[in-house]
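Visitor: Structure below; questions to follow.
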Amino acid sequence: MTRAWRCAGLRWAGAEPVLLWEGGRGSALPRGKKVAFGVVTGGVRTCVGARGHGCPTRAGVSGRSTGARCEECARLDRAHSVAADTIADDPRPYHVYLAWFGPGMVKVGITAVERGHARLLEQGAVCFSWLGRGPLMAARRAEEVLRAALGVPDRIPYADKRVVRSALPGAGERAAEVTELHARAVALDGWPESLERRPCRTVDHAEVFGLDGLPGVDGVVTELVAGGVVGGAVVAVAGRDLHLATGRGVVVLDTRLMTGWELVAVVAGEEEVLGVPVRELRNG
């Protein structure tokens, strides 16, 4: 009998994307690698739990959910999230950053210093620079001040990021937009005294993600389904998105849709098959 595995999501190990599986195994995702799996026939997607603990009821969740959590586990996970602004006593230092995803698509955010670039890689930031460093609450206040003053959001939808990746301007133009916003940011009044301003040093992830010469996107997987199959060659990995060359063109799979399902290896000959719902993009 073919063994089934539950995916624990995609993580970045340094500059390498890795699919993690329950039990501790990992599958590297170098460009050109064939990715091929099927969803167990008759299977049901179940909640992945919260904060490292399994869902006590193993509740079923929607195939379209990127969080793969039931209502109660989602509430618990959010309650212990820095992003939810519910943790005020975290002693770790934090970075404030500017992240660039495409022309006019820049956000301000914060991440623990100890995480390095990981948060930026997870979000699919093509280019970024640190803005400041300091205690959590100072970083949070600065984030709010800068977001309002610069007129930039605290998040960019994944759908918006995907459609521009194959037509990005050159590295110099990307860096110039971040540099201009950085200069405006550090010149603003209202920075918390405990937050140290950081110089502008842009870091570009286009090569790490595989975006140079990236073909346009022909479709996006909207959900996995029981008995469905996904197969293709890795063209690029940006954030949590896999760009796969398939028999239906280049299709993006958000790996967050894989969590909560039991998955199995597919039989030979299905390496470029798509047997799951896909939303076609007319303009690529």
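The values are calculated or read from the model by the stated rules, or taken from the named source; none is laboratory data. Not measured: the values here are computed from a predicted model. Please note: Cβ atoms are built from the backbone with ideal geometry, for glycine as well, and neighbour counts cover all protein chains shown. The area values use the complete protein model at the heavy-atom level, side chains included, leaving out ligands, DNA and RNA. Shrake-Rupley method; radii C 1.70, N 1.55, O 1.52, S 1.80 Å.
Visitor: Given the conditions (1) without any contact (Cβ under 8 Å) to a residue 24 or more places away in the chain; (2) small (Gly, Ala, Ser); (3) over 28 Å from residue 256 (Cα atoms), which single one is not true for residue 116?
Guide: Tallying (1) without any contact (Cβ under 8 Å) to a residue 24 or more places away in the chain; (2) small (Gly, Ala, Ser); (3) over 28 Å from residue 256 (Cα atoms), residue 116 fails exactly one: (3).
Visitor: With 50, 99 as the choices, which residue is touching a helix residue (DSSP H, G or I) at 6+ places or on another chain (Cβ under 9 Å), among the hydrophobic types (A, V, I, L, M, F, W, C) and closer than 30 Å to residue 206 by Cα?
Guide: 99
Visitor: Based on what the data block shows, is residue 174 closer than 30 Å to residue 138 by Cβ, modelled with pLDDT of 95 or more, open to solvent by 30 Å² or more (accessible area, probe 1.4 Å) and of a type outside the set (Asp, Glu)?
Guide: no
Visitor: Quickly run through segment 111-128 and pick out the residues that are open to solvent by less than 20 Å² (accessible area, probe 1.4 Å) and not in a helix (DSSP H, G or I).
Guide: 111, 112, 124, 125, 126, 127, 128 - these are the residues of segment 111-128 that are open to solvent by less than 20 Å² (accessible area, probe 1.4 Å) and not in a helix (DSSP H, G or I).
Visitor: Search segment 12-28 for residues that are under 17 Å from residue 207 (Cα atoms) and pair each with any residue that is open to solvent by less than 50 Å² (accessible area, probe 1.4 Å) and in a loop (DSSP other than H, G, I, E, B) when their beta-carbon atoms are under 7 Å apart and the residues are at least 6 apart or on different chains.
Guide: Close Cβ pairs satisfying both conditions: 17/29; 18/29.
Visitor: Counting just the residues of segment 261-272 that are among the aliphatic types (A, V, I, L, M) and over 19 Å from residue 63 (Cα atoms), which one comes out modelled with the highest pLDDT?
Guide: The residue in question is 265.
Visitor: Quick one: is residue 190 outside any helix (DSSP H, G or I) and crowded, with 19+ Cβ neighbours inside 10 Å?
Guide: no
Visitor: Give all pairs with beta carbons closer than 7 Å in which a residue from segment 56-80 that is open to solvent by less than 60 Å² (accessible area, probe 1.4 Å) meets a residue that is of a type in the set (S, T, N, Q); count only pairs at least 6 apart in sequence or on separate chains.
Guide: Every condition considered, the pairs that remain are 59/46; 60/46; 61/46; 68/259; 79/86.
Visitor: Given the structure, is residue 35 open to solvent by less than 50 Å² (accessible area, probe 1.4 Å) and modelled with pLDDT of 95 or more?
Guide: no
Visitor: Scanning segment 134-154 for residues that are farther than 13 Å from residue 186 by Cα and in contact with a helix residue (DSSP H, G or I) (Cβ under 9 Å, 6 or more places away or on another chain), which turns out surrounded by the most Cβ atoms within 10 Å (Cβ to Cβ)?
Guide: Among them, the one singled out is 134.
Visitor: Mind listing just one residue for me: the one in segment 228-250 that is in a loop (DSSP other than H, G, I, E, B) and more than 22 Å from residue 207 (Cβ to Cβ) and, of those, most open to solvent (accessible area, probe 1.4 Å)?
Guide: Across segment 228-250, the extreme among qualifying residues is 248.
Visitor: Of these, 25, 51, 11, which one is open to solvent by 50 Å² or more (accessible area, probe 1.4 Å) and either closer than 18 Å to residue 236 by Cα or acidic (Asp, Glu) (or both)?
Guide: After applying the criteria, what remains is 11.
Visitor: Out of all the residues in segment 251-260, is one or more within 23 Å of the chain's Cα centre (by Cα), open to solvent by 40 Å² or more (accessible area, probe 1.4 Å), assigned by the TED database to the domain that holds residue 25 and in contact (Cβ under 8 Å) with a residue 12 or more places away in the chain?
Guide: Yes - at least one qualifying residue is present in segment 251-260.
Visitor: Okay, moving on. Kindly establish whether residue 131 is among the aliphatic types (A, V, I, L, M), part of a helix (DSSP H, G or I) and open to solvent by less than 10 Å² (accessible area, probe 1.4 Å).
Guide: It is false that residue 131 is among the aliphatic types (A, V, I, L, M), part of a helix (DSSP H, G or I) and open to solvent by less than 10 Å² (accessible area, probe 1.4 Å).
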